[in-house]
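Input: a single structure, listed below in structure tokens.
The values are calculated or read from the model by the stated rules, or taken from the named source; none is laboratory data. Small disclaimer: the values here were computed from a predicted structure and weren't measured. Glycine also receives a Cβ, built like all others from the backbone with ideal geometry; neighbour counts cover every protein chain displayed.
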Amino acid sequence: MTQNQKVLIGATVPILRQSGEVLTDYFYERMFRHHPELKSMFNMGNQANGRQKSALANAVLAYAENIDNPAVLIDVLKGIGSKHTSLNIQPEQYKIVGTHLIASIREVIGEPATDEILEAWTTAFYQLADIMIKIEKELYADNLIKEGGWNGWRDFVIKKIDQESAEIKSFYLYPKDGKAIADFHPGQFISIQIFIRELNLLQPRQYSLSNSYNAEYYRISVKKESGMHSNPAGTVSNALHAKSEGDIVSISAPSGLFHLEKDSKSPLVLISGGVGLTPMVSMLEANMKSLQHKKTVWIHGCRNESVHAFKNHIEHLKQNTQWLETYTFYDSAKNLQNLPADTFIGRVNLEKCLHAVQLQDARFYICGPEIFIKVQYESLINLNVNAENIFYEEFGPQLINLN
């Protein structure tokens, strides 16, 4: 890009701040109108609730604000790349996105979008596309290097289903072809693809792996989102909960940047809200199998005991190890008199387990709803935890940027 083009991109930042979501909403409608086949690659629930357009608007704005040095966004771009490879996004699809994004800028912004500005944005987009294609090429190559690795979609059989709570089921997925499956880092996710009859579409969703690696199967633990018709985001979870043992689903290879550091010996503090405990269970089981058995603090919040998944599993680990300390927070409970000493009523409050949280050189992992992550992150910062030691995973499109 020329310096003049960078200046032109920078000049559009105020417009993006004011009208970014209008632009991205129009972009998606335009692209799907011309390429309806792409709907099977997007979470149409997040299209309906607006989260996808917000995430894209934030990403476009961030790119424009950092056009002089897009390298500062590399970690964000790698995270996007891991999602893209899990959905089998290919280089040629960037041309489709670019065509409709530039056309949308022209049609939404109107007269201020001069030919010069459109040319600058075209150059900027394809510069970004080249970065993303390179990142994804490396990720695809890494998948194939692994024993049992693959790209694209692969059929797995649901051989076992466990009811973990009133809302969450665990699905044990075995490769239909009987061949090896890829290793993964505790905390990573897979994408799953299911045909939704109501939409007449294949729909993908990402779900964290909820077990440590073994050579036989993957496990995901999925919350059934209520109100399927009023909440489109629950469409796939409802369809998955309706599956039976023996049914076949297609999944992608494990992916994601939110995971334990491979050789770190630091203590772990795992903070989760609701179904956000799923990657934490994977981390906990991996630590149990390791030789290190790092000191681990488990902090979990949910509405009540009936929706508390893996409760007995975590309690069993606690009773049979010396390295695990647990704290549970319920919004409400029926029997307040018999609550264990490590169980509290109310939202997760790190002030109630200060001595456990203030571990020297600990690594902190947070997963849950958007507001939960923000509250716990700010609590850790207020407790003088170094931001570099805090890691978080937001389910769905990335809307949070805290580090």
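Some values worked out for this structure:
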{"item": "Counted residues, region 152-168 - those being buried (at least 17 other Cβ atoms within 10 Å of the Cβ) and either without any contact (Cβ under 8 Å) to a residue 24 or more places away in the chain or under 20 Å from the mean Cα position of the chain (by Cα) (or both)", "result": "3"}
{"item": "Subset of region 96-128 [of a type outside the set (G, A, S) and either surrounded by 17 or more Cβ atoms within 10 Å (Cβ to Cβ) or under 25 Å from the mean Cα position of the chain (by Cα) (or both)]", "result": "I96, V97, H100, L101, I102, I105, V108, I109, I117, W121, F125, L128"}
{"item": "Residue match in region 386-395 (condition: over 30 Å from Q52 (Cα atoms) and at pLDDT below 95)", "result": "yes"}
{"item": "Filter result for the condition that a residue is small (G, A, S), at pLDDT 95 or above and out of contact with any helix residue (DSSP H, G or I) (no Cβ under 8 Å at 6 or more places or on another chain), over A166, A180, A129", "result": "A180"}
{"item": "Failed condition for N287, given (1) at pLDDT 95 or above; (2) over 19 Å from the mean Cα position of the chain (by Cα); (3) farther than 26 Å from N49 by Cβ", "result": "(1)"}
{"item": "Qualifying position, being under 29 Å from A59 (Cβ atoms) and surrounded by 13 or more Cβ atoms within 10 Å (Cβ to Cβ), among I381, I299, I314, I371", "result": "I381"}
{"item": "Among (1) in contact with a Pro (Cβ under 7 Å, 6 or more places away or on another chain); (2) free of Cβ contacts under 8 Å to residues at least 40 places away in the same chain; (3) farther than 22 Å from D247 by Cα - the single one I133 does not satisfy", "result": "(2)"}
{"item": "Where C367 falls short, out of the listed (1) farther than 17 Å from S272 by Cα; (2) in contact with a Gly (Cβ under 7 Å, 6 or more places away or on another chain)", "result": "(1)"}
{"item": "Residue satisfying condition, being surrounded by 20 or more Cβ atoms within 10 Å (Cβ to Cβ), farther than 19 Å from N88 by Cα and among the hydrophobic types (A, V, I, L, M, F, W, C), within set F171, F189", "result": "F171"}
